[in-house]
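A.B. asks: So that we are looking at the same thing, I have put the structure below in structure tokens.
Values quoted throughout were computed directly from the atomic coordinates according to the rules given, and no laboratory measurement underlies them. Keep in mind that this is a model prediction, so the values were computed, not measured. Neighbour counts run over all protein chains shown; Cβ positions are idealised from the backbone, glycine included.
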Amino acid sequence: MPLLEGLRLALREIAAHKLRSFFTLLGIIVSVGFLIAVVAVIQGMNAYVSENLAGAIVGRNAFQIRRTPISVGFIDDEEWRELQRRPIIRAEEVAYVERAIPGAEAISLQSGWPTPQSDVIWGNRTVGDVLVFGVTPAFQIVQDYEMAAGEALSGIDVLERRRVAILGHDVAEKLFDDFDRAIGRKIRVANQQVEVKGIVAPKGTVLGQSWDGFVMLPITFFEAIYGRRQTTVISVKMGEAADVTPAMARAEEAMRVARRLRPGQENNFTIDTAEGLISFWKNLTRIIFTVVPAVVAIGVLVGGIVIMNIMLMSVTERTREIGIRKSVGARRRDVLRQFLLESIVLASFGGLLGVAAGAALAQLIALASPLPSRVTWWSVAVALTLGTVVGLVFGVYPARRAARLDPIEALRHE
């Protein structure tokens, strides 16, 4: 039997029993759709973290010198206790880094974890649970902040511990109707009266969460209110991405000198780039990827068994047809090929429907939530290959059974 003729017969048989074919394929459709949707959301999240989240946290073309690494989710208790014994990053260490990297665009010191929150009050208006950061002026360059109104923090503000604040766009919008008139106004942060010096232009949202709900204070004034944080951070911004790696090496040398570490002693600090956050996220998604195949395998196995049972039933229903085909010259391999092709086409069609359903579900998730999604070509290829393999594996037994039917007995079948 020619291949095209076998495909035509297979499609005709599926079209003749549409409802039965659909329910036969339901297990494969659900499994493949689940695979496509989950992979699309994970890949979308990976790309989103790489393109938006990492840069927003660390800064573009930047790296951080931290007490503890960003990827703290995959360490044991003993390692965590060891990290807690590390000294806090000190303001005096910034000078060492500045001397080591004279070509840096900006080198800042900012407060780290735990980040305090406070109500911000002006007149009868209050914005609750606003994140409060203590920073040096260079932090505004590291994070690529632009001013919507007023001026940025200055070195004098830090040196003189001035009671001034820079407001995130969302906070300013809720407190003031006119940004220009907001400059110079007195507001209360952490029960302290401070003057609004500037308002940052909007940075937008990441995963539905605004990046404009903050107040920045000069780090000296911040520490007078809250004390020193446990993870004060030095951020270094370079002009080009290619400059980051060599600058990290020089920063490491500078920090070792500042802390008087002898050759052979391990660093008691961490230098992290956005890649550290990306790697941390990908490690998390790798765990999800280990679970997905098991769930998909169970669904595919059930779907394959259903296909095999339906094909066996089809062989029984079409016994007389098989007898007629054999009596007019069809060989065993022709009958085998016909039923095997029907099984493969049926399963592949289920794979296609699963891909369509998964892509639609991924798109729906992206529209209904802040989670992005990206359907990747390799997940589609895996899904379609999976459908073909299921049809081949689970169609062999029914096809062999049909091929072995005795034509005389088959013609007698009622």
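A.B. asks: What is the fewest-to-most order of THR232, THR376 by other Cβ atoms lying within 10 Å of their Cβ?
C.D. replies: With the fewest neighbours first, THR232, THR376 line up as THR376, THR232.
A.B. asks: In square nanometres, what is the average projected area of the Cα convex hull of the range 115-228?
C.D. replies: 6.6 nm²
A.B. asks: Further question on the same structure: What order do you get for 362-369, 90-97 when each peptide is scored by the mean count of other beta carbon atoms within 10 Å, highest first? Mind dumping the intermediate values first?
C.D. replies: Details: 362-369: 14.1, 90-97: 16.4.
Per-residue mean Cβ counts within 10 Å order the peptides as 90-97, 362-369.
A.B. asks: Mind ordering 349-360, 113-124 by average Cβ neighbours within 10 Å, highest first?
C.D. replies: Ranked by mean Cβ neighbours within 10 Å, highest first: 349-360, 113-124.
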